[in-house]
1. How do Trp158, Trp85 line up, fewest other C-beta atoms within 10 Å first?
2. Apply the Karplus curve 6.51 cos²θ - 1.76 cosθ + 1.60, θ = phi - 60°, to the phi angles in the range 103-111 and return the couplings in whole Hz, x for Gly and Pro.
3. Please report, in debye to the nearest 20, how large the charge dipole of the range 1-111 is about its Cα centre when each Lys and Arg carries +1 at its beta carbon and each Asp and Glu carries -1 there.
4. Tell me the Rg and the Dmax, in Å, that the Cα atoms of the range 65-161 produce.
5. If you average over every viewing direction, what projected area does the convex hull of the Cα atoms of the range 37-107 give, in nm²?
6. Using bins 5 angstrom wide from zero, how does P(r) for the chain break down, in % of all Cα pairs?
7. Return the distance in nm (one decimal) between the two label points of a simple spin-label model at Ala89 and Thr60, each offset 7 Å from Cα along Cα→Cβ.
8. Over all distinct Cα pairs, what is the inverse of the mean 1/r for the range 87-139, reported as the Kirkwood hydrodynamic radius in Å?
Amino acid sequence: DGLRAELAVLRPLAGVLLAGALVNAATFGVFTYLAPVAAGVAPVPVVLGAFGVGCFAGITAAGRLADRWPGRVVAVGGPLLLAGWVALALTSDVPAALVPLAFTQGALSFAVGGTVIARILRLAEGAPTMKGSYATAALNVGATAGPVLAGAVANPFWPAAALITAALTTYAFGAPASSR
């Protein structure tokens, strides 16, 4: 009965879990191919470092903001994340754009993604022993699917933009009202 009750928590969380997987797919789809994109445009260690420092900044900010205003973090950060992937798709061959956008996108990816994961954990309180595995499974699906999708095209930023659009739509319409 305990496991059955915890698994029952999954159904209303499907939209938030899918949004988490999609955000992570966009993030890891880009990160997997960021070095080849940067090669010949900007120093690869600088671009990867900017992305990494941005990720740290984003998850740190989200940790402070997401508990109070999760809807605002996603509502503001999500469209900015989408705009950034489009900007990178259009300007990834411009050194002056690549490094700052790598930082910004790392920050936004981890702020939005971290907020969605925090919502999963908060909304799955009825599954105390399984909620972490639900969030981890969603992240792992995204971390696997994103690079596969991004690898199918020459520019990983367009799939990232499509994935974020799908994530925002899913979050807006498929998440429990208390998660928005």
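Read the figures in this text as sums done on the coordinates, not as results from a lab. Everything quoted here is computed from the prediction, not taken from an experiment. Neighbour counts run over all protein chains shown; Cβ positions are idealised from the backbone, glycine included.
1. Fewest-to-most Cβ neighbours within 10 Å comes out as Trp158, Trp85.
2. Couplings: 4, 4, 5, x, 5, 5, 4, 7, 5 Hz.
3. Values: 5 positive and 4 negative charges, 45 e Å.
Its charge dipole is roughly 220 debye.
4. 15.3, 48
5. Values: hull surface 17.3 nm².
Orientation-averaged projected area of the Cα hull: 4.3 nm².
6. 1, 10, 18, 21, 19, 13, 8, 5, 2, 1, 0, 0
7. 3.1
8. 13.0
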